[in-house]
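The numbers here are math on the coordinates, done by the rules we state, and not lab data. Predicted, not measured: the structure shown is a model, and the values here were computed from it. Neighbour counts run over all protein chains shown; Cβ positions are idealised from the backbone, glycine included.
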């Protein structure tokens, strides 16, 4: 009696004319694949009677028992940013109780893309979590093209993957701005993060939308890194420009703390003359004088959500039809600065 051939992921890949890793991404939703390729792979799988769950099990069968947490930022930025510190803690907490080894990968902006590609490959790590992704540069492309499941903390810039957890950043900008408007502010400046990050794009959009709904013209807008010194530089630029403003929406508490420092040096009273709202509800904001009104951006909750999403893929519990972004709702924490 002839032995019945068991259909494998390799069979599906061969029938669809794609690489095995591409077939896996198409069937499990574990990475970016064009719609044309996905349709071709799904048609081949249907013809061979191969299910997405089988693809997930095949992915799990060759595991290296290692996960990468990728942060494409300079070392000094990571050590000084409370949001990233809490992300590391949250991811570590989840994977501590598993058999996976967690590897922290700091991808410097000037690193060649081959360096990150060597890490994000099957056999070296089984999957990755990416936080603080920038949309520009070769590193971003290398991450998007990795042949392993990748979950993002923050909406991916490319928009190709649905594997991400995020706070509703458009709502973050809207909530902060609407609060300042309710307090009587009418020329609200925005100190935003780098232009190639999706949270910055969304928070700035929310700021504009709240102003537009109130029939109020936007105040000055400046972009800088998500650091206290970035907030200082942007605040000085606004003051030196002479553009009128009576409030500041800073897109992180670190930036807001830097802005408050510059305003104080300029003998402008916070909140008497200028109200300030930050984002993150971080410890630095509570220690600022005056303490910062802030919109929540729950780093540990986002980290745990991303970790569990990645684990569900690696364990074969999630197919492409079941993958949906997880979006958390932000909250306003009112303190003395506004």
Q | Share of Cα-Cα pairs in the chain lying beyond 37 Å, as whole percent | A | 27 percent
Q. Relative contact order for the chain using alpha-carbon pairs under 8 Å, separation at least 6, rounded to a whole percent?
A. 20 percent
Q) So what's the angle, to the nearest 10 degrees on a 0 to 90 scale, between helix 198-213 and the longest Cα principal axis of the chain? A) 50 degrees
Q | GNM top mover of 124, 152, 164 - the chain, alpha-carbon springs below 10 Å | A | 124
(Q) Given a 10 angstrom Cα cut-off, can you work out which residue in 135, 90, 184 is the most mobile in a GNM of the chain? (A) 184
Q.
With angles folded into 0 to 90 degrees, how steeply does helix 82-96 sit against the dominant principal axis of the chain? Use alpha carbons for both and round to 10.
A. 30 degrees
Q) Between residue 237 and residue 39, what FRET efficiency comes out of the Förster formula 1/(1 + (r/R0)^6) with R0 = 56 Å and r the beta carbon distance, rounded to 0.05? A) 0.70
**Q.** Cα-based helix-to-principal-axis angle, 35-48 vs the chain, degrees rounded to 10
**A.** 30 degrees
Q.
Apply the a/c threshold of 1.5 to the C-alpha gyration tensor of the range 169-297 and tell me whether it is rounded, prolate or oblate.
A. rounded
(Q) How much length would be gained if the chain were fully extended between residue 332 and residue 103, taking 0.36 nm per residue of separation minus their Cα-Cα distance, in nm to one decimal? (A) 79.0 nm
Q: Would you please give the FRET efficiency between residue 266 and residue 286, computed as 1/(1 + (r/R0)^6) with r the Cβ-Cβ distance and R0 = 30 Å, to the nearest 0.05?
A: 0.80
